[in-house]
1. Could you run the Karplus curve 6.51 cos²θ - 1.76 cosθ + 1.60 with θ = phi - 60° over region A:256-263 and give me ³J(HN,Hα) per residue in whole Hz, x for Gly and Pro?
2. Applying a 10 Å radius around every beta-carbon, put A:151-164, A:178-191, A:298-311 in order of their mean neighbour count, most first.
3. Summarise the accessible area of chain A (1.4 Å probe, protein heavy atoms) by the percent that is carbon and sulfur.
4. Tell me, what is the per residue accessible area of region A:2-210 in Å², probe radius 1.4 Å?
5. Over region A:222-321, one equal point on each Cα, no solvent: what is log10 I(q)/I(0) by the Debye formula at q = 0.11, 0.18, 0.23, 0.25 Å⁻¹?
6. Considering only protein heavy atoms, with the full assembly of protein chains and a 1.4 angstrom probe, order A:Thr294, A:Thr214 by accessible area, largest first.
7. Which value, in Å to one decimal place, does the Kirkwood hydrodynamic radius take for region A:158-295 when every pair of different Cα atoms is included?
8. Which value, in Å², gives the accessible area per residue of region A:222-321 when a 1.4 Å probe is used on the protein heavy atoms?
Amino acid sequence: MIRELLSWYDVNKRELPFRKDKDPYRIWISEIMAQQTRIEAMLPYYDRFIKKYPDVKSLANADDEELHKMWQGLGYYSRCRNLKKSAIECMERYDGKLPGSKEELVKLPGIGPYTAGAIASIAYDENVSAIDGNVIRVFSRLYDIHEDVTLSSTKKKIEKLVNESLPGSEYISDYNQALMELGALICIPQNPRCDKCPLQNECEAKDPSSLPVTPPKKGRPCLEKQIFIWVCDEKIHLKKREEKGLLHGLYGFDETKPENIIKEIRLNPYSHIFSHVTWKMDAKVVYVDSCVDTCFYTLDQIVEKYAIPSAFKPFLDEIIDRKLVKYKP
DNA sequence: AAGTCGGGGGG
DNA sequence: CCCCCAGACTT
């Protein structure tokens, strides 16, 4: 099975920037960016990130606001904060390098069992597993496992099967990546392309589309929000979201109504869907007569310096489109 | 074990 | 509308 898989991988693997070399730092960045994110979506972020932070030291010294800006739109922003935390720890405890084993890697913030295994196997050729959603899907089908894969018992069973399949350090890097690539290109969630699968002869799944088994979905609550976009002297008020919780550390608009409103313009309503909640937003641009004592920024500043989550982007776009605030004078 | 944490592409 | 993605962390 290893031979078929690796042969398939040699021919069909995608050329990805982080496959060009085995720099542990670059592998690390790519794996963090790829968490719960499609490869194509993170590619432009990856190139810009490596240019700005080419090594552990530059990342450890990163400015927090610039770091958030580099991550703007990618989501799961704790990932980039943990990157910096880990980089600092690498400077202080590991001579400015990433630790050299899965066991040590997993102790760093933001690096869990999957990412530790991916870095160790790809960068160090350590013969360890890297079990992500692709591998879970591939193995649940290979062995026709009908148990709920979110149960820890099922995960352990799959981990055991994966561990027993590991090919040794000579092939581990390609093997782990090949499993994931197979899951991404052939053994896909819906309508798997079994006719093109190199493992079709040994796959035990009778109904692959029904695997892996996951628990029934839970509803997503909807939260209605009034957004007040304070504008004064061609500048927009932004508030740093300091509270712990959703989008904390990023910048957003105010949700309180200001005192002296000169004029107000209603924007198109917009509903933003997060994983576990929906924000149904109604936004108004409110022109106020004074911006002392509050944080107001030009559109140019906002676009180049402040990390705005995608949930607010439609409002910014409409402000720009309708020229409600001066932009690029 | 269940919730939290983003965003987007594709059926 | 739905799914889930090279998951980790908190409760």
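1. 10, 7, x, 6, 8, 7, 7, 7
2. The packing order, highest mean first, is A:178-191, A:298-311, A:151-164.
3. Carbon plus sulfur share of accessible area: 50 percent.
4. 49 Å²
5. Normalising to I(0) and taking log10 leaves -0.31, -0.85, -1.40, -1.61.
6. I get A:Thr214, A:Thr294, largest accessible area first.
7. Working: mean 1/r = 0.0490 Å⁻¹.
Result for region A:158-295, one decimal place: 20.4 Å.
8. Numbers: 5250 Å² over 100 residues.
Ligands and nucleic acids excluded, the result is 52 Å² per residue.
The values are calculated or read from the model by the stated rules, or taken from the named source; none is laboratory data. Bear in mind that the values here come from a model prediction, so they are computed numbers and not experimental data. So basically every Cβ, Gly included, is an ideal-geometry build from the backbone, and we count neighbours across all protein chains shown. Side chains included, ligands, DNA and RNA excluded: accessible areas come from the protein's heavy atoms. Shrake-Rupley method; radii C 1.70, N 1.55, O 1.52, S 1.80 Å.
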